[in-house]
Amino acid sequence: MLAKGDVRPPEKLIADVIDFAYTGNRLHPTQKPVAALLPLIEAFSAPGGLVFDPFCGSGSTLVAARDLGRDYLGAELSATHHRTASKRLGVSQRVAA
């Protein structure tokens with residue numbers, strides 16, 4: 001873990017390597033499985049906290065954050081991937097002007 005300032009390690013330590021089944025990247029060329037993101041979000045954010053993904057792609061990080069009771073905010077340049085992430089999250093699509 002690399003951090004600046006007075007940092008406490010997470011209560012629940014995570015492994016150096018997180019194994020996950022390959023999903024075939026059906027939704028995005030660099031899609032991450034939600035199962036691999038869950039332990040990271042659980043370790044490095046608090047319930048009710050905000051998880052921000054500035055390049056959210058298919059929304060896997062946002063889905064994991066939602067499933068763990070975190071608020072989430074994502075940004076995506078591609079309209080196609082924005083639609084995919086919105087659909088996965090079950091939210092109406094809002095595009096900033």
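Every read-out reported here was derived from the displayed coordinates using simple, explicitly stated rules and does not represent laboratory data. Just so it is clear, the model here is predicted, and its values are computed rather than measured. So basically every Cβ, Gly included, is an ideal-geometry build from the backbone, and we count neighbours across all protein chains shown.
Limited to the stretch 26-56, what total is found for residues that are surrounded by fewer than 13 Cβ atoms within 10 Å (Cβ to Cβ) and among the polar types (S, T, N, Q)?
1
Of all residues in the stretch 38-92, how many are part of a helix (DSSP H, G or I) and more than 24 Å from residue 17 (Cβ to Cβ)?
Looking only at that region, the number is 12.
Which residues, counting only those in the stretch 1-37, are in a helix (DSSP H, G or I) and either among the small types (Gly, Ala, Ser) or over 27 Å from residue 82 (Cα atoms) (or both)?
35, 36
Which of the residues belonging to the stretch 50-73 are within 14 Å of residue 27 (Cβ to Cβ) and either more than 11 Å from the chain's Cα centre (by Cα) or not aliphatic (A, V, I, L, M) (or both)?
56, 57, 58, 59, 60, 61
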